[in-house]
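The values are calculated or read from the model by the stated rules, or taken from the named source; none is laboratory data. For clarity, every value in this text was computed on a predicted model and none was experimentally measured. Positions of Cβ are backbone-derived with ideal geometry, glycine not excepted, and every protein chain shown enters the neighbour counts. Only protein heavy atoms, including side chains, enter the accessible area calculation; ligands, DNA and RNA are left aside. Shrake-Rupley method; radii C 1.70, N 1.55, O 1.52, S 1.80 Å.
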Amino acid sequence: MNTTTRYILLVIFLIGLHSILSFTHEDYGRATSISNIAAQLPWSSSSSTLEDIPDSYYISPETNVTGGIQAGKANATLLMLARNSDTDSAVRSIRELEDKFNKKFKYPWVLLNEEPFSDEFKKRISNVVSGEVHFGEIPHDHWYQPDWIDEEKATAARKKMEDDHIIYGGSLSYRNMCRFNSGFFYRHPILQNYKWYWRVEPDVHFHCDIDFDPFAYMQENNKVYGFTITMYEYLATIPTLWETVQNFIKENPQYVAENNAVNYLSDNGGSSFNLCHFWSNFEIADMDFWRGEAYSKFFDHLDKTGGFYYERWGDAPVHSIAVSLFTRKDQIHFFDDIGYEHNPYTHCPRGPGKWEKGKCSCNPDHSFDYDGYSCMKQWDRIQ
């Protein structure tokens with residue numbers, strides 16, 4: 001047996017032994033877990049700055065008051081984009097957030113669909129919400145692919161991505177959704193009544209009690225955008241996005257904020273995009289930012305290139321790039337306190353005492369925060 005073969009066999013043996021010990025010895029598994037190892041690294045939660053939600057924002061069941069604001073009085077809504085076929089998963093998500101948060105604060109819900117909601121959908125949703133609920137149909141021009149898109153070029157792009165096994169690569173409806181979430185949802189007539197929104201998707205999970213009002217916290221602390229999970233985007237879906245962003249910045253340097261978060265997005269001061277973005281299936285944000293001049297012109301610039309259809313630009317990188325460049329980094333908030341899951345990833349609170357305070361059911365050892373595909377270390381480094 002040669003030396004190379006012996007080393008290979010030794011490595012296989014050690015990996016096998018580690019796996020067996022991890023499953024059979026809980027203490028060993030915990031000590032060697034990714035999250036525990038990450039906690040020892042210089043960019044871990046022990047050295048990063050986690051912005052705590054002050055106790056004054058927590059609600060008492062006896063007083064029904066948070067942060068000096070009567071519960072549920074921020075100009076905000078819980079927002080879901082869903083189809084009639086999503087009825088079961090939409091009900092599950094809404095019921096979870098109602099139980100963990102909204103039965104205490106009673107914010108209204110807004111549900112949007114590109115087609116009319118069925119009576120059955122509306123009946124089942126209405127049965128699990130604690131306050132008002134509004135059902136809206138998305139205007140045709142806000143959802144469907146615009147006429148000026150070169151369909152032959154777009155079809156060829158979808159076919160290539162499908163052949164390359166890129167997730168949603170061949171889907172036109174997914175592209176419609178990404179474009180809608182990037183540039184149109186906040187224009188819907190129902191949403192004109194609100195400033196803040198919390199985006200919720202069908203089939204997500206909330207693992208902790210949320211006894212504070214995130215809307216009140218963001219409103220009183222001049223925040224613009226809140227997230228729980230950050231990760232890398234697939235480069236194959238956005239090959240020209242950063243170049244398009246750079247062109248916009250060259251033409252409109254006045255929109256770039258001082259003390260922005262460009263160093264979260266880039267490892268070289270903005271010359272290239274490191275693909276980090278906030279996972280937008282969870283976001284709590286100020287719609288006035290999207291409605292403002294900087295983002296409106298930014299979206300129009302992106303949209304005119306056709307990149308939502310000729311490539312597969314997602315609303316997550318689009319939103320993330322915009323808030324990272326056009327706001328100060330201290331206006332973006334990491335909601336460590338909110339235990340959140342969108343399969344296959346989970347954020348579980350990691351700050352001192354937060355898991356216990358939220359009575360969380362998630363396993364901190366399985367939190368995505370410092371998984372190899374997470375961008376949390378890029379966020380930590382700019383704090």
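For the stretch 276-310, taking the residues that are acidic (Asp, Glu) and in a helix (DSSP H, G or I), the one that is least open to solvent (accessible area, probe 1.4 Å) is identified as Asp303. Being polar (S, T, N, Q), more than 21 Å from the chain's Cα centre (by Cα) and either at pLDDT 75 or above or within 23 Å of Phe206 (Cβ to Cβ) (or both) holds for only one residue in Thr24, Thr87, and it is Thr87. If you filter the stretch 166-210 down to residues that are assigned to a helix (DSSP H, G or I) and under 27 Å from Ile59 (Cα atoms), you find that the one that is farthest from the chain's Cα centre (by Cα) is Asn193. Checked against the criterion of being under 22 Å from Arg179 (Cβ atoms), of a type in the set (S, T, N, Q), in contact with a Leu (Cβ under 9 Å, 6 or more places away or on another chain) and open to solvent by less than 60 Å² (accessible area, probe 1.4 Å), the candidates Thr244, Thr237 yield just one match: Thr244. The single condition from (1) crowded, with 20+ Cβ neighbours inside 10 Å; (2) in contact with a helix residue (DSSP H, G or I) (Cβ under 7 Å, 6 or more places away or on another chain) that Pro214 fails is (2). Going through the stretch 91-112 one residue at a time, which ones are open to solvent by less than 10 Å² (accessible area, probe 1.4 Å), part of a helix (DSSP H, G or I) and touching a residue at least 60 places away in the same chain (Cβ under 8 Å)? Matches in the stretch 91-112: Ser93, Ile94, Leu97, Phe101, Phe105.
Looking only at the stretch 122-165, residues that are open to solvent by 30 Å² or more (accessible area, probe 1.4 Å), more than 27 Å from Asn102 (Cβ to Cβ) and part of a loop (DSSP other than H, G, I, E, B) come to 8 in all.
If you go through the stretch 343-365 and keep only what is more than 23 Å from Leu275 (Cα to Cα) and not in a loop (DSSP other than H, G, I, E, B), you end up with Lys354, Trp355, Glu356, Lys357, Pro364, Asp365. If you check Asp371, Asp365 for being within 17 Å of the chain's Cα centre (by Cα), at pLDDT below 95 and open to solvent by 10 Å² or more (accessible area, probe 1.4 Å), only one passes: Asp371. Once the stretch 324-362 is narrowed to residues that are among the small types (Gly, Ala, Ser) and crowded, with 18+ Cβ neighbours inside 10 Å, the residue that is nearest to Ile94 (Cα to Cα) is Gly339. Counting the residues of the stretch 252-271 that are open to solvent by 40 Å² or more (accessible area, probe 1.4 Å) and in a helix (DSSP H, G or I) gives 3.
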